[in-house]
Amino acid sequence: MLPEITNELILESSNINLMNKFIPTKYHLKSLCCGTEFPDKLWEMQCPSPHQPSLIRAIYDKKQIVLHPEYSGLYRFADWLPVERMLEGSGEPVTFQSEGLAKMLGLDQLYITFNGYWPEKGAFMKTGTFKECEAYSVCGRKNGSNGVMVVASAGNTARAFARVCSENQIPLLLCVPLDNIQALWFDGQLNPCIKIIACEKGGDYFDAIHLSNLAVELDGFYPEGGAKNVARRDGMGTTVLSAVTTIGKIPDYYFQAIGSGTGAIAAWEANLRFLDDGRFGKGKMKLMLSQNTPFLPIKDAWDQHSPIMLPMDDEIARRQVDEINAKVLSNRKPPYAIKGGLYDALSDAGGTIMAASNQDAENAAELFLQLEGNDVEPAAAVAVASLIKAVNEKMIDKKSIVMLNITGGGIDKYKSQNSITYVTPNKVFALDADPAEVKHQIAELFQ
Ligand SMILES: [Zn+2]
């Protein structure tokens, strides 16, 4: 036993040294509505001036990014992350030039940014999705609260936050749809500081958000913030930081499947930072986004040139969500109309929103496995399917630089190499549960 203990101690002390070396990032915040600039005091989510809903953005002191190989995982990109501490265990997006898929499609410069598990490529996100980028960034952000962070998720975000918070002892309440509980798998037991509540069968992500809204009304609970959290967006933006610093140039096209579209907003914001940086070109990537048929609310709004989301019937939306394989693409309240949100991003950068059926996505996943050598999760398969469609329909120039953001993959690979356990929720609530009772039961979980 003794040698093992000694090794652990050595590892631990070297980690402490690494942690001590981390220098908090210098940045402040800016309202995208009125331009007010202000410091990040305690978990700021909005402009201090009262006005229409607007995203705020982190403005980093360093205009030219320097990568930090001395930091671990995602924190290599700390120059453009609003973080004051480095947590253990993060992976990072990995970008490589495609051969197999590129050849099949006849693309000269197809770059794949892979988020997930693919040790042969240096990709070590153990929950298999780019939601880890968000979680390690959010949990590294300055936070004055000692309370319980509340996260609503359709699945992948919950898995990522559960892992990060469990490993770093950060109290967390996860709100998920029971229908997506299979997404909560882990290679070990979660720390008891993680509690999970679910809305009953038939409920979707929107219903999970409802539970989270009730939770944050309680004392001692604070919202993670979703798209409004600059750390979440800039964490997702590391996919573009990885791509641009690897390629040496801003790509012409950016392909990603969207649920809320937060990843696409983040990609656009990262692009704007690179324009300020000045060393990687002057272009804006066209945002080639995709949703999973028949659930296409963002596509429907964008196709009609609507600056706001179109009205949606709850029951029809739930049925559509039930049909799609890419459950993580099921957001009914995306940050589309908000100032600095998806409508602004698409309007500024240009681009389109495409649709892919379950069958298109399954075929695309199969192709990716054959030609590139790893499994991709259903949402990423939707992005691959839309790339294939864009090429077939001559929507893009084959000589252009194309970035394909594989937002999740290697999950089958990881599961086959590790022993996996699934969690059961601490509480399941009916869709019409009494709000006061829900809050009472949530509070009890953390007593
Ligand atoms: Zn403002």
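The values are calculated or read from the model by the stated rules, or taken from the named source; none is laboratory data. Because the structure is a prediction, the values reported are computed rather than measured. Positions of Cβ are generated from backbone atoms using ideal geometry, with glycine treated the same way; all protein chains shown enter the neighbour counts. SASA here: full protein model, heavy atoms, side chains in, ligands and nucleic acids out. Shrake-Rupley method; radii C 1.70, N 1.55, O 1.52, S 1.80 Å.
Scanning the stretch 333-371 for residues that are under 21 Å from the mean Cα position of the chain (by Cα), hydroxyl-bearing (Ser, Thr, Tyr) and open to solvent by 30 Å² or more (accessible area, probe 1.4 Å) returns Tyr343, Thr352.
Say whether the condition of being of a type in the set (D, E, K, R) and touching a helix residue (DSSP H, G or I) at 6+ places or on another chain (Cβ under 7 Å) is met by at least one residue in the stretch 389-396. The answer is no; no qualifying residue exists. Sub-9 Å Cβ pairs linking a first residue in the stretch 25-47 that is more than 8 Å from the ligand (Cβ to nearest atom) to a second residue that is acidic (Asp, Glu) and open to solvent by less than 70 Å² (accessible area, probe 1.4 Å), at least 6 apart or interchain, are Thr25/Asp79; Tyr27/Asp40; His28/Asp40; Leu29/Asp40; Leu29/Glu44; Phe38/Glu44, ordered by first then second residue. For Asn191, indicate whether it is outside any loop (DSSP other than H, G, I, E, B) and either in contact with a Gly (Cβ under 7 Å, 6 or more places away or on another chain) or surrounded by fewer than 23 Cβ atoms within 10 Å (Cβ to Cβ) (or both). When the stated conditions are applied, Asn191 does not pass them. Look at Leu346 and say whether it is in a helix (DSSP H, G or I), under 17 Å from Gln109 (Cα atoms) and not aromatic (Phe, Trp, Tyr). Judged against the criteria, Leu346 is not a match. Among the residues examined, Ile56 qualifies as within 15 Å of the ligand (Cβ to nearest atom), at pLDDT 95 or above and of a type in the set (Val, Ile, Thr). Determine, yes or no, whether Ala381 is open to solvent by less than 30 Å² (accessible area, probe 1.4 Å), under 29 Å from Arg233 (Cβ atoms) and touching a strand residue (DSSP E or B) at 6+ places or on another chain (Cβ under 7 Å). No: the conditions fail for Ala381. From the list Ile181, Ile247, Ile209, Ile170, the one residue that fits, being among the β-branched types (Val, Ile, Thr), free of Cβ contacts under 8 Å to residues at least 40 places away in the same chain and open to solvent by 10 Å² or more (accessible area, probe 1.4 Å), is Ile170. Within the stretch 94-104, not a single residue is in contact with a Cys (Cβ under 9 Å, 6 or more places away or on another chain), polar (S, T, N, Q), outside any helix (DSSP H, G or I) and touching a residue at least 12 places away in the same chain (Cβ under 8 Å).
Filter the stretch 75-95 for residues that are under 30 Å from Lys399 (Cα atoms) and either acidic (Asp, Glu) or open to solvent by 30 Å² or more (accessible area, probe 1.4 Å) (or both) and give the result. Once the filter is applied, which keeps residues that are under 30 Å from Lys399 (Cα atoms) and either acidic (Asp, Glu) or open to solvent by 30 Å² or more (accessible area, probe 1.4 Å) (or both), the stretch 75-95 yields only Glu92. Surrounded by 24 or more Cβ atoms within 10 Å (Cβ to Cβ) and touching a residue at least 12 places away in the same chain (Cβ under 8 Å): is that true of Asp204 in this structure? So Asp204 fits the description; yes.
Selection of the stretch 422-439 for residues being assigned to a loop (DSSP other than H, G, I, E, B) and over 28 Å from Met125 (Cα atoms) yields Ala430, Leu431, Asp432, Ala433, Asp434. The set of residues in the stretch 121-138 that are part of a loop (DSSP other than H, G, I, E, B), crowded, with 24+ Cβ neighbours inside 10 Å and in contact with an Asp or Glu (Cβ under 9 Å, 6 or more places away or on another chain) comprises Met125, Gly128. A count restricted to the stretch 21-53 and to residues that are modelled with pLDDT of 90 or more, over 18 Å from Gly225 (Cβ atoms) and open to solvent by 60 Å² or more (accessible area, probe 1.4 Å) stands at 5. Kindly establish whether Ala337 is at pLDDT 95 or above, small (Gly, Ala, Ser) and not in a loop (DSSP other than H, G, I, E, B). Here the answer is no, as Ala337 does not meet what is asked. Hey, does the stretch 414-421 have a residue that's within 23 Å of Tyr254 (Cα to Cα) and either outside any strand (DSSP E or B) or touching a His at 6+ places or on another chain (Cβ under 6 Å) (or both)? So far as the stretch 414-421 goes, no, none of its residues is within 23 Å of Tyr254 (Cα to Cα) and either outside any strand (DSSP E or B) or touching a His at 6+ places or on another chain (Cβ under 6 Å) (or both). Of the residues making up the stretch 61-70, those that are in contact with a Lys or Arg (Cβ under 7 Å, 6 or more places away or on another chain) and either modelled with pLDDT of 95 or more or within 15 Å of the ligand (Cβ to nearest atom) (or both) number 4. Scoring Leu18 on the criteria (1) more than 15 Å from the ligand (Cβ to nearest atom); (2) over 24 Å from Gly248 (Cβ atoms); (3) surrounded by 12 or more Cβ atoms within 10 Å (Cβ to Cβ); (4) modelled with pLDDT of 85 or more leaves a single failure, condition (4).
The helices (runs of 4 or more DSSP H) found entirely in the stretch 227-315 that carry 2 or more residues being over 18 Å from Ile112 (Cβ atoms) and among the aliphatic types (A, V, I, L, M) are 230-236, 262-277, 297-303.
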